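Please treat every number below as a calculation from the coordinates, not as lab data. All values derive from a computational prediction rather than experimental measurement. Backbone-built Cβ (ideal geometry, glycine too); neighbour counts: all protein chains shown.
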């Protein structure tokens with residue numbers, strides 16, 4: 001047996017290669033090589049180190065309806081990137097932690113991710129307090145932080161540099177862009193006399209300030225009422241609403257968001273005023289949970305909950321995105337129709353991995369030494385609607401690292417569906433940047 | 001202004017009665033077992049969650065109101081026999097233990113029930129006019145049910161053999177043992193009753209608030225304040241303290257920002273503790 005194989009090897013070695021054989025073999029090899037570049041590249045694990053992505057979300061304690069979906073969509077996006085060959089041949093490796101909606105805890109998790117897990121970048125969380133607590137760390141260690149859904153506009157405002165050194169990126173809306181986009185719809189269509197009944201913390205105050213200043217500047221009247229963020233009985237607050245109020249703007253999260261809408265109807269206020277709110281109030285909560293009390297309420301959405309309310313041209317991308325996230329056409333979890341999506345927030349986590357991919361490819365980033373180049377590349381992206389950008393065109397602004405996409409005004413119909421009444425193009429949500437982070441070297 | 005004041009007073013009394021029912025269970029457990037039950041809010045939440053499942057199945061609020069306290073009472077029985085009994089003489093350990101239990105129940109509900117709030121529809125949708133506003137009849141009904149429960153509890157404690165045993169154990173445990181009262185059984189049933197009361201109030205409150213895994217957090221703090229102000233172990237004191245605190249908050253919110261009105265309630269507690277450390281009606 002051994003003799004036989006030795007003989008065969010000698011024959012092969014001694015065989016003369018003709019020119020025809022050479023050309024045939026080379027052509028086949030070249031064709032094979034070029035074809036292989038079209039097919040998904042399986043990872044040769046260990047060949048190149050993975051790109052480590054940290055993910056922080058609210059999985060327990062508070063705002064879990066957001067955390068659940070941001071986490072799910074973030075994981076799906078990373079899995080898709082890896083299935084398509086990773087970024088520059090490198091696999092994305094996920095390191096995931098719960099913020100417990102606790103800034104101090106989140107800061108320690110952020111430190112753990114940076115120092116122990118050695119993550120290259122971090123994404124997630126809708127909690128402004130969590131981001132604020134992480135800022136000193138990302139600034140010190142120069143790690144990019146991609147916001148999951150925090151609404152504090154100041155984070156991309158005039159103090160950006162001192163807050164986070166330019167290492168914070170946000171591809172979604174916030175209190176100011178929401179107000180710039182939607183105040184006029186409310187003012188023109190719902191009424192000139194507004195009462196804000198908002199949660200007594202930064203987000204609620206931000207919305208009252210941003211919308212209120214524009215309403216007053218246009219000659220309208222406003223009244224501010226702030227209630228503790230976890231208020232359950234709203235009657236003491238609803239009875240303070242001015243009798244001549246035409247628009248009641250509310251901003252609460254979770255069960256309080258649910259409570260304020262329902263109790264407005266319980267005391268009969270809905271008969272004499274229009275209710276206007278941001279979708280954050282009922283994200284992750286189905287309208288059937290709010291009940292028929294939500295009929296007639298106006299919402300500002302950042303990405304429609306129902307597939308058929310989206311512009312037709314976005315449908316193919318949206319269907320693929322929903323399939324990857326396990327979401328049906330009505331914004332419910334596939335196989336679990338009691339669970340509603342946080343559709344106006346979770347898209348951020350779908351788009352970030354793709355933005356990171358483009359940023360790395362454009363900047364030639366390999367490690368943290370070129371983090372600022374990576375951030376600059378990401379923040380100059382002008383994304384076109386596509387499988388990775390189902391929300392339509394999304395524009396990042398280099399000056400303040402802020403992203404803009406279209407807004408939607410919807411109303412709850414008798415069948416409890418959020419029907420889109422008006423699409424507000426992203427250009428109408430843009431405001432003058434308050435900082436210029438392009439100067440950072 | 002008068003109309004606002006009238007609404008604030010009515011709502012303060014209604015909300016106070018609901019809070020009183022929650023605080024009663026907490027106070028019973030403290031009065032007899034000397035256990036500060038940090039898991040009381042979680043049992044209140046568990047009652048609402050169980051009722052939500054029952055109502056989903058049956059479509060009937062009243063069945064949920066009956067079944068949930070029984071289920072949570074049974075869970076209370078397991079907790080008392082499996083956990084509390086082994087540590088009942090160690091107050092610090094019981095606080096830590098029931099705190100851990102609270103976290104465990106919350107996380108378990110989060111896993112099974114999910115993080116999104118759910119709704120229990122009010123069984124009575126009628127609203128009656130009250131000055132410029134309307135007032136939901138459901139709230140009045142909840143207040144009346146709370147009053148009925150409190151009267152029932154009073155009769156149970158004052159007119160039944162078991163109630164007599166409970167009061168005897170509170171007064172002098174050793175003497176009660178010497179007289180042949182089954183003290184361990186009394187302990188067990190008191191914990192079961194306290195847990196069932198928490199669940200009952202959770203179901204009653206659910207049509208006003210929403211059902212979610214953290215719903216017991218806010219309520220627990222207020223229930224503790226009520227128990228402290230009313231006097232630890234004094235059930236009548238809890239009812240009066242609950243109504244007083246709710247009125248201070250509700251009426252105060254008419255004149256000052258609501259956060260300040262909450263500070264008024266806390267200031268009231270501090271003043272009471274300064275002059276009557278045993279609470280308004282404590283001995």
(message) Which of B:71, A:280 has the fewest other C-beta atoms within 10 Å, and how do the rest follow up to the most?
(response) B:71, A:280
(request) Normalising by the residue count of chain A, find the relative contact order in percent from Cα pairs under 8 Å and 6+ residues apart. (result) 16 percent
(request) Using only Cα atoms, locate the centre of region B:7-26 and the centre of region B:59-104, then give the distance between them in Å, rounded to an integer. (result) 23 Å
(message) Pick from B:137, B:241, B:199 the residue whose mean-square fluctuation is largest in a GNM of chain B, springs joining Cα atoms under 10 Å.
(response) B:137
(request) As a check on your grasp of the helix formula, calculate [θ] at 222 nm for chain A: sum -39500 (n - 2.57) over DSSP H runs of n ≥ 4, divide by the residue count, round to the nearest 500. (result) -12500 deg cm²/dmol
(message) With 10 angstrom as the radius, rank A:307, B:144 by how many other C-beta atoms surround their C-beta, starting from the fewest.
(response) B:144, A:307
(message) Modelling each spin label as a point 7 Å along the Cα-to-Cβ direction, I'd like the residue B:274/residue B:93 distance in nm, to one decimal.
(response) 3.9 nm
(message) Please compute the average number of Cβ atoms from other chains found within 10 Å of each residue's Cβ in peptide A:254-261.
(response) 4
(message) I'd like the orientation of helix A:315-325 relative to chain A: the angle between its Cα long axis and the longest Cα principal axis, in ° from 0 to 90, rounded to 10.
(response) 80 degrees
(request) Would you look at the GNM of chain A, springs on alpha carbons closer than 10 Å, and say which of A:247, A:53, A:61 moves the most? (result) A:61
(message) For chain B, what does the helix formula give at 222 nm: sum of -39500 (n - 2.57) over DSSP H segments with n ≥ 4, over the residue count, nearest 500 deg cm²/dmol?
(response) -25500 deg cm²/dmol
(request) Compute log10 of I(q)/I(0) for region A:250-349 with the Debye formula, placing one identical point scatterer on every Cα and leaving out solvent, at q = 0.24 Å⁻¹, to two decimals. (result) -1.28
(message) What is the distance in Å between the Cα centroid of region A:262-296 and that of region A:63-115?
(response) 33 Å
(request) When a/c is below 1.5 the answer is rounded, else prolate if a/b is larger than b/c, else oblate, so apply that to region A:164-309 with a ≥ b ≥ c taken from the square roots of the Cα gyration tensor eigenvalues. (result) rounded
(message) So, R0 is 45 Å and r is the distance between the beta-carbons of residue B:184 and residue B:140; what FRET efficiency does that work out to, to 0.05?
(response) 0.65
(message) Can you tell me which of A:298, A:408, A:201 moves the most in a GNM of chain A? Springs connect C-alpha atoms under 10 Å apart.
(response) A:201
(request) Rounded, prolate or oblate: pick one for region B:1-89, where a ≥ b ≥ c are the square roots of the eigenvalues of its C-alpha gyration tensor, a/c under 1.5 means rounded, and failing that, prolate if a/b is larger than b/c, else oblate. (result) oblate
(request) Please say if region A:280-422 is rounded, prolate or oblate, where rounded means a/c under 1.5 for a ≥ b ≥ c the square roots of the C-alpha gyration tensor eigenvalues, and otherwise the choice is prolate for a/b larger than b/c and oblate otherwise? (result) prolate
(message) Principal axis extents for region B:107-220, Cα atoms only, whole Å, descending order, please.
(response) 60, 40, 20
(request) Would you order B:275, A:276 from fewest to most other beta-carbon atoms within 10 Å of each residue's own beta-carbon? (result) B:275, A:276
(message) Just checking the output field for A:328-338: average partner chain Cβ neighbours within 10 Å of each residue's Cβ?
(response) 1
(request) Report the residues of region A:381-420 in range of a label on residue A:328: point 7 Å along Cα→C-beta, backbone N strictly under 18 Å from it. (result) A:415-418
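Taking R0 as 35 Å, what FRET efficiency do you get between residue A:184 and residue A:161 from their Cβ-Cβ distance, rounded to the nearest 0.05?
FRET efficiency, residue A:184 to residue A:161: 0.65.
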(request) Kindly state, to the nearest 0.05, the FRET efficiency for residue A:393 paired with residue A:361, given R0 = 22 Å and r defined as their beta-carbon distance. (result) 0.65
(message) Inside 10 Å of the C-beta atoms of A:226-232, what's the mean count of C-beta atoms belonging to other chains?
(response) 4
